[in-house]
Amino acid sequence: MTKGLWAVAIGVLGVALASGLSRLVNAPGPVFVLLLIWCVGLVAGLVALVADISPGTGAAGGLVGALLIAAILALVIAAAPLAPGATRPRLGDLLWTPLLALVVVLALCGLSGWSGVRASLFIARRRKA
């Protein structure tokens, strides 16, 4: 498989694992984000043990996972019915705090994927020696 396909696989499998664990323990939103970060690193590490991928591919997989969750969340918010008299938030209302939170989650998921691959490669090298 190519690097891009491995990155997508890491992102999708990380999101699936985090979603399953979140539903299993009935976790709130912030705990789901922590599960996502942890699961992306775990999946990237396991993929690195199976296939020869670089840490950059693991980081890209983390970014894919975080962007997948952001896209799903945006679609759910856009499709949610409004209560009588309620209005959707304007762009100015969503600009700074959610944007900064998204950037932080993207960075942490990318770092988690990168670290998972690095740790896996370290373990694989130690096992051979």
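The values are calculated or read from the model by the stated rules, or taken from the named source; none is laboratory data. Keep in mind that this is a model prediction, so the values were computed, not measured. Glycine also receives a Cβ, built like all others from the backbone with ideal geometry; neighbour counts cover every protein chain displayed. These accessible areas exclude ligands, DNA and RNA; they are computed on the full protein's heavy atoms, side chains included. Shrake-Rupley method; radii C 1.70, N 1.55, O 1.52, S 1.80 Å.
For region 40-62, the set of residues classified as in contact with a Lys or Arg (Cβ under 6 Å, 6 or more places away or on another chain) and surrounded by fewer than 24 Cβ atoms within 10 Å (Cβ to Cβ) consists of 55 only.
The single condition among (1) under 9 Å from the mean Cα position of the chain (by Cα); (2) open to solvent by 50 Å² or more (accessible area, probe 1.4 Å) that residue 65 does not satisfy is (2).
Taking residue 81 as the residue in question, decide whether it is more than 15 Å from residue 116 (Cβ to Cβ), open to solvent by 90 Å² or more (accessible area, probe 1.4 Å) and within 15 Å of the chain's Cα centre (by Cα). Spelling it out, it is not the case that residue 81 is more than 15 Å from residue 116 (Cβ to Cβ), open to solvent by 90 Å² or more (accessible area, probe 1.4 Å) and within 15 Å of the chain's Cα centre (by Cα). Of all the numbered requirements in (1) closer than 16 Å to residue 115 by Cα; (2) surrounded by fewer than 16 Cβ atoms within 10 Å (Cβ to Cβ), residue 4 misses one, and that requirement is (1).
So that you can scan it fast, the table gives a plain yes or no per residue for (1) part of a helix (DSSP H, G or I); (2) in contact with a His (Cβ under 9 Å, 6 or more places away or on another chain); (3) closer than 17 Å to residue 115 by Cα:
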residue: 11; (1), (2), (3): yes, no, yes
residue: 14; (1), (2), (3): yes, no, yes
residue: 23; (1), (2), (3): yes, no, no
residue: 31; (1), (2), (3): yes, no, no
residue: 36; (1), (2), (3): yes, no, yes
residue: 39; (1), (2), (3): yes, no, yes
residue: 43; (1), (2), (3): yes, no, yes
residue: 49; (1), (2), (3): yes, no, yes
residue: 52; (1), (2), (3): no, no, yes
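In the set 90, 126, only one residue is outside any helix (DSSP H, G or I), out of contact with any helix residue (DSSP H, G or I) (no Cβ under 8 Å at 6 or more places or on another chain) and over 24 Å from residue 3 (Cα atoms); that residue is 90. Across region 15-31, the number of residues qualifying as closer than 17 Å to residue 104 by Cβ and surrounded by fewer than 18 Cβ atoms within 10 Å (Cβ to Cβ) comes to 3.
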